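This report refers to the structure that appears directly beneath it.
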Amino acid sequence: MLDIELIRKKPELVKERLSRRDGGLSELLDKVLELDKNRRELLKKIESLRAERNKKSKEIGLLRKEGKDSSSVEEEVRQLKTEIESLQEKLGEVEEELRKVMLRIPNLPHESVPVGEEESQNLEVRKWGELPNFSFEPKPHWEIGEALGVLDFERGARLSGSRFTVLKNWGARLERALMNLMLDLHAKKGYEEVIPPHLVRDEILIGTGQLPKFEEDLYRCERDELYLIPTAEVPLTNLFRGEILKEEDLPVYLTAYTPCYRREAGSHGKDIRGIIRQHQFSKVELVKIVHPDSSYDELETLTSDAEEVLKVLGLPYRVVELCTGDLGFSAAKTYDIEVWLPSQNRYREISSCSNCEDFQARRMNTRFKDSTGKNRFVHTLNGSGVAIGRTIAAILENYQREDGSVVVPEALRDYLKADVIAP
RNA sequence: GGAAGGGUGGCCGAGUGGACGAAGGCGCGGCGCUGGAAACGCCGUGUACGGGUUUCCCCGUACCGAGGGUUCGAAUCCCUCCCCUUCCGCCA
């Protein structure tokens, strides 16, 4: 959520910044300004009426104590009451409307973010690793995985439909090994390991920004009014919602291995084959809750902590800075890490690292007491460290050999207890 | 799932429907006492919003788990929900 005060004081700046994302947001802003003005006028009226009411109520108490007649004052207060009630009803409507609009306005992009409308305008920041050179035609991971008996698409679909896959044998073990490798790596960097709930209430999703706007992307358990998490960012970031942290508690680094559930509404036909786009996938997530002064430094280290996973696994990747039009709803600035997929002859997203500044903190009401005793909103960051399904795909493809076997990356051998995956 | 009890400031804890933003204690900050400290004494110590003024100063409003209701007036009475504790049931 944006700071209403900023919108009020510098509407043109906010509009300009939002327009870098999407031209259609200016009207929403005007609506906010109008509702806010309306709200404050009503508030002023109500508060002065209430002040009067409070005064007169006290008078009644005094009169009665002295045994005097208070009925005329009572009548006055009764009238004030009905007046207050009708104004309050109006105020309630205005506030509800304002809240609704505010919750649908995305974060302001940081001024450093390159302006652009779509993916192609993202900025390549750096590349790492040598692209593999094959003396044969490299196969896509689904062919390799099926042949090795580690990916079973047919049975996955039988159980749950398309975009559900069964990991078997070395596939299942690969996931477990990767989970351990990643968590161990992050633990060394000071991230605290967490196992959060995978089902959360709607206000938790409002906190991180998935709701109300992206409801159709989520799985919902209607009976219990709970949603399956689309990423561990949701429960991790919300861990301190409503709390006032001590300044010395910051920064907080968290990591969690969880499944992620996404309906993938609107991506029909995209990445139909393989495990690149699944309704359920596993991910190790990194979340930071930090002091506002250091959040951009923290974004750099967060990104490099995620990159570290790919370095250790020897998977070639590049880092791109998302342009304003490609930025997620809550993010002020985002680096995507893209891993090389030989069968597609291109890099594919495997991690997304964002600084949300105080956008989520406002929605969650997570603050800290600074050295002057003032309560301020924290900054929140999140990044995949990294998506496990896509890592499996990348390993299968980058480490494949002509005979259909796959070499296990060195760093993974102790975890997997195998050097090669062969049929 | 059933029954009972409970949720009050940073913490503990009192609170009869009217002077309660809330006793008392602890903690914390300041001052005093002291050579210095402890102990002691005095004073202060929540948040949000709106307004005035931009001096972190004043005024107002709201907040005692959340939301409704009763009342001239609610921390206090009523209803719904959430959470915690205990007992029973079920269960990995």
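Please treat every number below as a calculation from the coordinates, not as lab data. Just so you know, these numbers come straight off a predicted model, no measurement behind them. We place every Cβ from the backbone using ideal geometry, glycine too, and count neighbours over all the protein chains shown.
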Cα lying deepest toward the dipole's positive end in chain A, options A:415, A:252, A:43, charges on Cβ: A:43
Taking alpha-carbon centroids only, the stretch A:24-82 lies from the stretch A:89-122 a number of Å equal to 32
For the stretch A:206-216, take each phi angle, set θ = phi - 60°, evaluate the Karplus expression 6.51 cos²θ - 1.76 cosθ + 1.60, and give the result in whole Hz per residue in order, putting x for glycine and proline. 5, x, 8, x, 5, 10, x, 7, 10, 3, 6
Rel. contact order, % - alpha carbon contacts under 8 angstrom, at least six apart, the stretch A:119-421: 24
Per DSSP, loop trypsin sites (Lys or Arg not before Pro) in the stretch A:265-363 with at most 14 further Cβ within 10 Å: A:270, A:273
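Sort A:27, A:321 so the one with the fewest other Cβ atoms within 10 Å of its own Cβ comes first. Kindly include the intermediate steps, with their values, before the conclusion.
Working: A:27 9, A:321 18.
If I rank by nearby Cβ atoms, fewest first, I get A:27, A:321.
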For A:81, A:15, ascending order of other Cβ atoms within 10 Å (fewest first) is A:81, A:15
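What does the extension gain come out to for residue A:247 and residue A:74, with contour length at 0.36 nm per residue minus their alpha carbon separation?
Values: separation 173, 0.36 × 173 = 62.28 nm, distance 5.01 nm.
Taking residue A:247 through residue A:74 to full extension adds about 57.3 nm, to one decimal.
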Report, largest value first, the span of the C-alpha coordinates of the stretch A:1-150 along each principal axis, in whole Å. 104, 44, 23
Burial ordering of A:115, A:287, fewest other beta-carbon atoms within 10 Å first: A:115, A:287
Interchain or long-range residues, amide H under 5 Å from residue A:168's placed H: A:151, A:152
Calculate how steeply helix A:71-103 sits against the longest principal axis of the alpha-carbon atoms of chain A, using the helix alpha-carbon long axis, and give the answer as 0 to 90 degrees to the nearest 10. 20
Applied in sequence order to the stretch A:251-260, the curve 6.51 cos²θ - 1.76 cosθ + 1.60 (Karplus, θ = phi - 60°) yields integer Hz couplings, x standing for Gly and Pro, of x, 9, 10, 10, 9, 8, 9, 8, x, 10
Cα centre as origin, Lys/Arg/Asp/Glu Cβ charges: chain A dipole, Debye: 880
Working from Cα positions, state the angle (0 to 90°, nearest 10) between the long axis of helix A:295-313 and the longest principal axis of chain A. 20
Would you compute, for the Cα atoms of the stretch A:119-421, the largest minus smallest coordinate along each principal axis and list the three values in descending order, in whole Å? 66, 44, 39
